[in-house]
Amino acid sequence: MRTARNRLAAPACTAAAVSILLLSSCSQSSDDHTNAKPSPSGSGTISPPGPSSTPDGQLIKRATSVVASVPGGALLEGGSERVKDGIHTRPVLREGKAYRLVLACVGQGRALLTVVPKKAGADAVIPCDQAVVQQRIKGHGPVHIDVVGSNGTTGALAWRINEL
């Protein structure tokens, strides 16, 4: 039985865990190192910019914030990617369990969500306008979740799957 204190603490803990997970999953591309600048200390060393100092990094940070702002259940997995890289995950969802997929795209255009098998969830269009798209996913063992940008779409995607 959950106490009132546990019910209040769970969303805060989940949001913190999701934020840490999503921020730690951000990766720099090799392109980011080409803009390296000398350090301000004058030591002559060169340090690459941090992930959030690049345009892609800033969009990833915004998308991650949007997804982290949505309360959810126990975190199964999550992450963030550039739209051009897409999301391609293959979680194994326990039979008979329900899950919530939360997605956000920040940028321009739209992305397309595909879920296989179809009995697990529905395909959807995700506008890249910072809107949150949520979908209930049914556990059926391995599930393929793919999100790819439409032609000309730019920006970043963030996502997470929570067990309900």
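Which ones in region 70-103 are open to solvent by less than 50 Å² (accessible area, probe 1.4 Å) and either out of contact with any strand residue (DSSP E or B) (no Cβ under 8 Å at 6 or more places or on another chain) or not in a strand (DSSP E or B) (or both)? Scanning region 70-103 gives V70, G72, G73, V83, G86, P91. Against the conditions (1) touching a Lys or Arg at 6+ places or on another chain (Cβ under 9 Å); (2) closer than 14 Å to V70 by Cα; (3) open to solvent by less than 70 Å² (accessible area, probe 1.4 Å), Q134 satisfies every one except (3). Filter region 104-117 down to the residues that are in a strand (DSSP E or B) and over 21 Å from D129 (Cβ atoms), then identify the one that is most open to solvent (accessible area, probe 1.4 Å). Step by step, filter region 104-117, then rank; the result is V116. Whether a residue is open to solvent by 50 Å² or more (accessible area, probe 1.4 Å), closer than 19 Å to T154 by Cα, modelled with pLDDT under 95 and not in a strand (DSSP E or B) was assessed, and S43 does not pass this test. Does G149 qualify as being more than 14 Å from I60 (Cα to Cα), open to solvent by less than 20 Å² (accessible area, probe 1.4 Å), in contact (Cβ under 8 Å) with a residue 12 or more places away in the chain and not hydrophobic (A, V, I, L, M, F, W, C)? It is false that G149 is more than 14 Å from I60 (Cα to Cα), open to solvent by less than 20 Å² (accessible area, probe 1.4 Å), in contact (Cβ under 8 Å) with a residue 12 or more places away in the chain and not hydrophobic (A, V, I, L, M, F, W, C).
The values are calculated or read from the model by the stated rules, or taken from the named source; none is laboratory data. Worth saying up front: this structure is predicted, and the values here are computed from it rather than measured. All Cβ positions, glycine included, derive from the backbone under ideal geometry; neighbour counts span all protein chains shown. Just the protein is used for accessible areas: all its heavy atoms, side chains included, with ligands, DNA and RNA removed. Shrake-Rupley method; radii C 1.70, N 1.55, O 1.52, S 1.80 Å.
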